[in-house]
Amino acid sequence: MAQLHFPANREIEMVLLALQVFQVLFLWVHDWIPLGRLNDVAAVRSQDTRRRLVTVTLIQSVPWTIGLCFSLLYFRRPYPAWLYNWLVISYALLFIGQIRAWWMPYLFRPEPERAARYRIMFGKTHSFLPLRNGMVPNTAAYPASFGDRRHVGRSSHEVKLFGSC
């Protein structure tokens, strides 16, 4: 019989579910709806065709939307092992992708082509770290680093998984 996973308590479950809703909503809208200085929709669109943006949005959003839907379905009930595993694996991949896309090039390994592309796409967005290796993670990359999918291996606009620029 499959192991069931119980949330620690109702308050923690509510917080985690709210964070999941926020994350999934952000995944769906961040390339399409202006969010002040958190994104630059026009700059993103200057780098990718509409078809590619639709494809990337689906790839980066559908798996986490599925996880959210089943999280809501099992709200206040034990999660089946498959759902628990789905959530752990999918959000771990988001985190790894974010590290790969933003933090490795920023902190350790310059990637001039990626930095140039990111300057176009994210150069007008808010950031608070200094420029380093030709790039700076924008403010939207920080919460994303702790549960984002946008950069599974590459930027959200470069769909190839775990490839190099």
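Using alpha carbons only, the radius of gyration of segment 1-85 set against its Kirkwood radius gives Rg/Rh = 1.11.
What is the local net charge at N133, summed over the other residues whose Cβ is closer than 10 Å to its Cβ (Lys, Arg +1; Asp, Glu -1)?
It works out to a net charge of +2.
Measuring spread by the Cα atoms of segment 8-145 yields a radius of gyration and Dmax of 16.6, 48 Å. When segment 1-84 is described by a simple charge dipole with +1 on each Lys and Arg Cβ and -1 on each Asp and Glu Cβ, the residue from S71, W82, S46 located farthest towards its positive end is S46.
Coordinate-derived values only; no laboratory data. Model, not experiment: these values are computed from the prediction. Every residue, glycine as well, gets a Cβ built from its backbone with ideal geometry; the counts of neighbours run over all protein chains shown.
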